[in-house]
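Here the structure comes first, spelled out in structure tokens, and everything after it is commentary.
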Amino acid sequence: MCGWVRGSRPPWRRRHRIVAFHSISQILREAGQIVGAYFAPAQGGAAFTSPAVAETLDALQRQGAKGMGQSSWGPTGFAFAADAAEAQRLCDHLRAKANALGVDIAICKRLNRGAVVKGQPSTTDHS
């Protein structure tokens with residue numbers, strides 16, 4: 001209780017984030033499966049455009065990664081880890097396999113803000 005008063009996070013808040021992570025990861029995985037099945041005829045009959053990416057994602061899932069999918073038309077695949085340590089464990093475990101398949105594997109951080117577009121000013125008249 002004293003920790004709450006001093007401003008540290010209550011224990012239920014971390015549990016809530018973990019539950020939310022797993023729920024969102026499951027939804028993203030299912031969405032990826034649906035979209036992959038829809039586009040399979042255009043992708044040579046497979047849910048992923050790259051068999052090597054598909055094999056890497058399968059290996060990541062077997063190791064505990066969450067929310068696997070393919071970005072747009074691929075061949076970029078993605079998976080989520082609950083925290084940085086888990087991401088590093090997954091990456092270290094699969095780096096040799098991914099390299100043998102010709103797949104780059106990297107840890108990326110989320111971007112907690114919208115995109116920033118720089119360049120030419122807008123030509124749209126807002127008046």
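Suppose the filter is surrounded by fewer than 17 Cβ atoms within 10 Å (Cβ to Cβ) and in contact (Cβ under 8 Å) with a residue 60 or more places away in the chain; does ALA82 pass it? Criteria met by ALA82. Filtering the range 43-74 to residues that are in contact with a Ser or Thr (Cβ under 9 Å, 6 or more places away or on another chain) and surrounded by fewer than 16 Cβ atoms within 10 Å (Cβ to Cβ) leaves only TRP73. Filtered by the rule that a residue be at pLDDT 80 or above, under 22 Å from SER23 (Cα atoms) and charged (D, E, K, R), the range 78-112 gives ASP83, GLU86, ARG89, LYS109. All of (1) part of a helix (DSSP H, G or I); (2) at pLDDT 85 or above hold for VAL35 with one exception: (2). Per the conditions (1) out of contact with any helix residue (DSSP H, G or I) (no Cβ under 9 Å at 6 or more places or on another chain); (2) under 25 Å from ALA42 (Cβ atoms), the sole criterion not satisfied by ALA96 is (2). When the range 73-101 is limited to residues that are polar (S, T, N, Q) and in a helix (DSSP H, G or I), the one that is farthest from ARG62 (Cα to Cα) turns out to be ASN99. Contact annotation: residue pairs with Cβ atoms under 8 Å, 6 or more positions apart or on different chains, pairing a residue in the range 87-114 that is under 15 Å from VAL53 (Cβ atoms) with a partner that is basic (Lys, Arg) and surrounded by 10 or more Cβ atoms within 10 Å (Cβ to Cβ), are ILE105/ARG95. Would you say ASP104 is in a helix (DSSP H, G or I) and either under 13 Å from the mean Cα position of the chain (by Cα) or not hydroxyl-bearing (Ser, Thr, Tyr) (or both)? Judged against the criteria, ASP104 is not a match.
Of the residues screened, GLN61 is not one that is assigned to a loop (DSSP other than H, G, I, E, B) and either within 19 Å of LEU28 (Cα to Cα) or modelled with pLDDT under 90 (or both).
The values are calculated or read from the model by the stated rules, or taken from the named source; none is laboratory data. Note that the structure is a prediction, hence the values are computed from the model and not measured. Reconstructed Cβ throughout: ideal geometry from the backbone, glycine too, with neighbour counts over all protein chains shown.
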